[in-house]
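Heads up: the structure comes next, in structure tokens.
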């Protein structure tokens, strides 16, 4: 398999279309155009055990939008550090928050070559939006990054976003240890938003573990489903904002659910917390 279908665009320099990319798999799940055959193959493999797999991406993106809208509208914070920006979609962090306060500074961090090639120019569309190519799973690298230090004032509260990222961490440490390093550096009054693949430890656990098995052994190579207790640890005992850590679909939805959540929607959770 070459990873490129006849209808796929020519890959930019530095982009390998024969290797699945986390950012491109998400893009494919959101019906974007910046993906290749190898990325769509990952989704097809997962869809064999969970036909609704695209809802992992759509619920995750919807959570991000609602979380940003809440933080921009309900707090006076005007600094956002978005870890793992992914590829641009119709509604990105800076568009949501700057619609409410145009002077809000947003720094995206992503070292995926695909994002660097496809998304950087689109994300840096105004003077308050910037991009860093640091490794989001190496907090010291991010915290010492020139772009991050230049455009965020670390004496003032900051919003840290780790939305749909930590389940792709494959390092030797616990993801909570990674988050602890970020949280220790955040000023008092900062907020942290996290979403993550979930093993709900109920009748939907079987589909969660089946999806995990496929993700881990697919060309993408990552995608861990953790329990609510494991996800809660990543907030490092910060003050949770109501309704706490819950299914992404249930975190301040835009309206009532007109139909029951499907099995996949029970397998991704998110929440927001504040550092005292």
Equivalent ellipsoid semi-axes, region 1-160, via Cα gyration tensor eigenvalues times 5, rooted, Å: 29, 18, 13
Cα-based equivalent ellipsoid, region 133-276: semi-axes from gyration tensor eigenvalues, Å: 28, 20, 12
For the chain, share of DSSP beta bridges that run antiparallel, in % to the nearest 5: 40 percent
Diffusion constant of region 59-109 at 25 °C, which comes from Stokes-Einstein with the Kirkwood Cα-pair radius and 0.890 mPa s, µm²/s: 224 µm²/s
More than 13 angstrom apart: percent of Cα pairs within region 129-183: 63 percent
Fewest-first sequence of 22, 241, 100 by Cβ atoms within 10 Å of each Cβ: 100, 241, 22
Under 17 Å from the residue 274 label point (7 Å along Cα→beta-carbon), backbone N, region 194-217: 194
Beta bridges per DSSP with both ends in region 128-276, % antiparallel, nearest 5: 65 percent
Centroid-to-centroid separation of region 41-93 and region 236-276 [C-alpha atoms, Å]: 13 Å
Descending principal axes extents, region 26-66, alpha-carbon based, whole Å: 30, 24, 9
Helix-derived mean residue ellipticity, 222 nm - over the chain, DSSP H n ≥ 4, -39500 (n - 2.57), to 500: -10000 deg cm²/dmol
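Each value in this text was obtained by applying a stated rule to the coordinates, not by laboratory testing. Keep in mind it's a predicted model, so treat the numbers as computed, not measured. With ideal geometry, Cβ positions are generated from the backbone for all residues, glycine too; neighbour counts draw on all protein chains shown.
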